[in-house]
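Take a look at the structure below.
Read-outs throughout are calculated quantities, based only on the coordinates presented, and are distinct from any laboratory measurement. Because the structure is predicted, anything quoted here is derived from the model rather than measured. Note that we place each Cβ from the backbone using ideal geometry, even for glycine, and neighbour counts take in every protein chain shown.
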Amino acid sequence: MNKSIKVGFGEIHNLLYKSYLPNIINAAVEVSVLETLSDGAMSFAELSQKIDTDIRITESLLEVLLSINFVQYQDGKYSLTAQSKEYLTQSSNINQLKALKGFVVNEGPFCKLTQALKGDIPKFEQNMWSSEESIKDIEQGSKAGAIQNVITFVKEIPEFKNAVKMCDFAGNSGYYSFSFLNENKNLYASVYDLKEVCEIARNIKKNEPAFNRISYHDFDLSKEEYWGNNYDFFFSSHYLYKYVETEKLLVGILKQINKSMRIGGLFVSNHMSGDFNAETQTTISIIELMTRAMGFSGHCIPKEMFKQALSKAGFGKFHLKEPDFTLDYPTLLLAAIKIEEA
């Protein structure tokens, strides 16, 4: 793994994500988002009710259209830009809707976006990444800067240097764990993930130098089964999104994590926060739309919500690193110390 990445993969990643836009725009046309907004400004809730679409997916769709200047936003309402009204509505005699369809593809994550908008949302399949190819692809993607970003952050926190027992929660093949083990020679890691994932991980990682310091534990993430105790270090990456529909849910899972840790133990989160800059706004809004259309609750944990939930769950002494927008998935790195029992 290249430890000295000087150029981020984010620019390429942002460009590739824009290839999804024809399908997204076409879905907006098919469910009458643009035609309806041509009659006047509406909130996302008003629009959703008017065209009978799923409210949360409609909200995300509008955020994508906003990021590419197809709609504008003022005083809580969305309206069409002049360009969209001219070229993307049936009522315009110079519309280019047929030309748009020439760019639509019948494969990929947005090929059924119209159906999702209309309420035919698939049940989220937690086993969708439980294949050897998917597990390897996820790890390979993380080598484009994500692992380096996390390790640089964590290794400077004093509590990490003294940690002996670690939980890698929903840790996939344990690719983050192996990097942590390389930085702390006294650390032992327990990876909790689905049975299918653990079986594959044991096989594909068996020749790793630190394999004798890692263990895999079959775990049904949908049932919130027991995941051990007395951890000095608890790490979670891109999993806790499922708990952000309400702060109560997020506080609840964080209290359970608290109970599995020692006083003074280190908790580290690697999650997207919804923050963006000019270059990443479209990509991050597309990721959120994709996630909701797949039947999952979302793909970000807002920073202040996360910090407040951690405080209520017995954590404090925060360490924080803002998203690095040169990375393909610019995550907020948030660390906290268990200061009291939940």
Scan segment 150-220 for trypsin sites (Lys or Arg not before Pro) in coil per DSSP, keeping those whose Cβ has at most 10 other Cβ atoms within 10 Å, and list them by number.
K185, K206
Any idea what log10 I(q)/I(0) is at q = 0.19 Å⁻¹ for segment 189-270, Debye with uniform C-alpha scatterers and no solvent?
-0.96
Compactness summary of segment 84-161: radius of gyration and Dmax from Cα atoms, Å, are 21.8, 67
Segment 143-203: which GluC sites (Glu not before Pro) are DSSP loop and have at most 13 other beta-carbon atoms within 10 angstrom?
E156
Per 10 Å bin from zero, what fraction in whole % of the C-alpha pairs of segment 147-207 is there, up to the bin with the longest pair?
22, 53, 23, 2
Given K165/K185; K255/K312; K307/K338; K195/K223; K255/K303; K259/K303, the pairs whose alpha carbons are separated by over 20 Å
K259/K303
Could you check how many percent of all C-alpha pairs in segment 10-117 are farther apart than 22 Å?
28 percent
Below 14 angstrom from the Cβ of L80, what's the summed charge of the other residues (Lys, Arg +1; Asp, Glu -1)?
-1
Under a straight-distance cross-link criterion of Cα-Cα below 15 Å, which aspartates and glutamates are reachable from K155, leaving out those fewer than 8 residues away in the same chain?
E183, D232
Rounded to the nearest 0.05, what FRET efficiency is calculated for A99 and E125 with R0 set to 35 Å and r the Cβ-Cβ distance?
0.50
In straight Cα distance, which aspartates and glutamates are under 18 Å from K248, not counting same-chain residues fewer than 8 positions off?
E224, E304, E341
For q values of 0.07, 0.12, 0.16 Å⁻¹, compute log₁₀ I(q)/I(0) with the Debye formula on a Cα-only model of the chain, without solvent.
-0.33, -0.90, -1.38
Counting only chymotrypsin sites (Phe, Trp or Tyr not before Pro) that are in a DSSP loop and have at most 12 other C-beta atoms within 10 Å, tell me the longest site-free stretch of the chain.
104-225
Spatially proximal lysines relative to K50 (Cα-Cα < 29 Å; intrachain offsets below 8 disregarded):
K18, K77, K85, K98, K101, K112, K118, K123, K242
By the scheme Lys and Arg +1, Asp and Glu -1, what is the net charge of all other residues having a beta-carbon under 15 Å from that of I200?
-4
Report, in debye and to the nearest 20, how large the dipole of segment 10-117 comes out about its Cα centre when Lys and Arg carry +1 and Asp and Glu carry -1 on their Cβ.
240 debye
Around K123, with a cut-off of 15 angstrom between Cβ atoms, what is the net charge of the other residues, counting Lys and Arg +1 and Asp and Glu -1?
0
Based only on the alpha carbon positions, what is the Kirkwood hydrodynamic radius of segment 168-327, in angstrom?
17.0 Å
Could you pull out the GluC sites (Glu not before Pro) across segment 88-141 that fall in loop regions by DSSP (anything but H, G, I, E, B) with no more than 16 other Cβ atoms inside 10 Å?
E107, E125
